[in-house]
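Asker: One structure coming up, written as structure tokens, with questions to follow.
The values are calculated or read from the model by the stated rules, or taken from the named source; none is laboratory data. Just so it is clear, the structure is predicted and the values come from calculations on it, not from any experiment. Here Cβ is always computed from backbone atoms with ideal geometry, including for glycine, and neighbour counts include all displayed protein chains. Protein only, heavy atoms only, side chains kept; ligands, DNA and RNA dropped before computing areas. Shrake-Rupley method; radii C 1.70, N 1.55, O 1.52, S 1.80 Å.
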Amino acid sequence: MPISGEAAVTPEQTVALVEQTAREALLRQADASGLAEAEFEVAAVRTSRPLPACPSPVAVGVLDARQATRLRLVASCPGEGGWKYEFVVRAKITARVAVMAAEVPSGRAVEAADVALERRDISLVPDAVSDLALLEGMSARRSLRSGELLRQNMLTAQLLVKRGEAVRIVARNEQIEVSMAGEALDPGARGALIRVRNNNGNVIKARVTGAGMVEPADLPVSIQSPK
């Protein structure tokens, strides 16, 4: 949302308004990403182009906030003789984020005990992790080193069922539960749909609900699914 400054806005006030707008945009992004204790330093890049004063309130909008080190904003002075001025704003973002406190080999589950929260500069790291709940059901996509900043792209959903593994097929309907043995024909993480051969030799589609556990795919996702 554009915000307005006071009447008869000076160039210095316009720059301050641009930096405030950039900071607020970054704060919204940090909140949406779950970053803990995010802090921002922002500075509008001044060019040789003169920035006039504006006799009316100046409106500022965000054009592009995808890169913290190069946000693009526009300030507009309305009315006759008005103007538009595009700004580049450079920002530094720090937050308390997950840093590896232990070595984790590729494919192993990443747990809260494997990381520590430290304040780091994440200006160039859009997928840093602060919320350790995101680690649930995740494993290392590659080997992770102690001291390494953890990024979401370093994680992958943990395989709870392996191809060829014996699984338990559990069907629930209110208070009724029926289970039987089966064989997984595909690997799968939690929630994945895989093929399973049951004891009768029939191949069915099943949803992975836990380690070695599946439920028929035609059942709705249930909060009673094993964790």
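Asker: Under 17 Å Cα to Cα from K205, which aspartates and glutamates show up? Leave out anything in the same chain fewer than 8 places away.
Answerer: E165, E183, D186, E215, D218
Asker: For T47, tell me the accessible area in Å² from a 1.4 Å probe, rounded to the nearest 10.
Answerer: Taking all protein chains as shown, T47 has close to 80 Å².
Asker: Let me ask something else. Write out the GluC sites (Glu not before Pro) in the stretch 121-174 meeting two conditions: DSSP loop, and at most 13 other Cβ atoms within 10 Å of their Cβ.
Answerer: Sites meeting the loop and neighbour criteria: E136, E174.
Asker: Same structure, new question: Heavy-atom accessible area per residue, the chain, 1.4 Å probe: how many Å²?
Answerer: 57 Å²
Asker: For the stretch 16-64, give the percent of accessible area contributed by carbon and sulfur heavy atoms, probe 1.4 Å, rounded to a whole number.
Answerer: After summing per-atom areas, the C and S share lands at 53 percent.
Asker: Report D for the stretch 10-99 in µm² per second (integer): Stokes-Einstein, Kirkwood Rh on Cα pairs, 25 °C, 0.890 mPa s.
Answerer: In µm²/s, the coefficient rounds to 177.
Asker: Sticking with this one: If you wrap a convex hull around the alpha carbons of the stretch 74-227, what volume per residue comes out, as a whole number of Å³?
Answerer: Cα convex hull per residue, to the nearest whole number: 191 Å³.
Asker: Leaving ligands, DNA and RNA out of it, rank L35, L150, L159 by accessible area with a 1.4 Å probe, largest first.
Answerer: L159, L35, L150
Asker: OK, next. D218: accessible area at probe 1.4 Å, nearest 10 Å²?
Answerer: For D218, the solvent-accessible surface is approximately 130 Å².
Asker: Then there is this: Stretched out fully, how many nm does the piece from A192 to K205 gain, at 0.36 nm a residue minus the Cα gap?
Answerer: 3.7 nm
Asker: Which value in nm describes the separation of the simple spin-label points at R90 and N153, placed 7 Å from the Cα toward the beta carbon?
Answerer: Distance between the two pseudo-spin positions: 2.3 nm.
Asker: Within the stretch 63-124, which GluC sites (Glu not before Pro) sit in a loop by DSSP and count at most 14 neighbouring Cβ atoms inside 10 Å?
Answerer: The qualifying sites are E80, E103, E111.
Asker: Net charge within 13 Å of S143 by Cβ-Cβ distance, Lys/Arg positive one each and Asp/Glu negative one each, not counting S143 itself?
Answerer: Value of the local net charge: +1.
Asker: Right, here's the next one. How far, in nm, would the chain grow between S76 and D121 when pulled straight, counting 0.36 nm per residue and subtracting the alpha carbon separation?
Answerer: Separation in residues times 0.36 nm, less the Cα-Cα distance, equals 13.0 nm.
Asker: With each pseudo-label sitting 7 Å past Cα toward Cβ, what's the S106-A53 distance in nm, one decimal?
Answerer: Computed distance between label sites S106 and A53 equals 6.4 nm.
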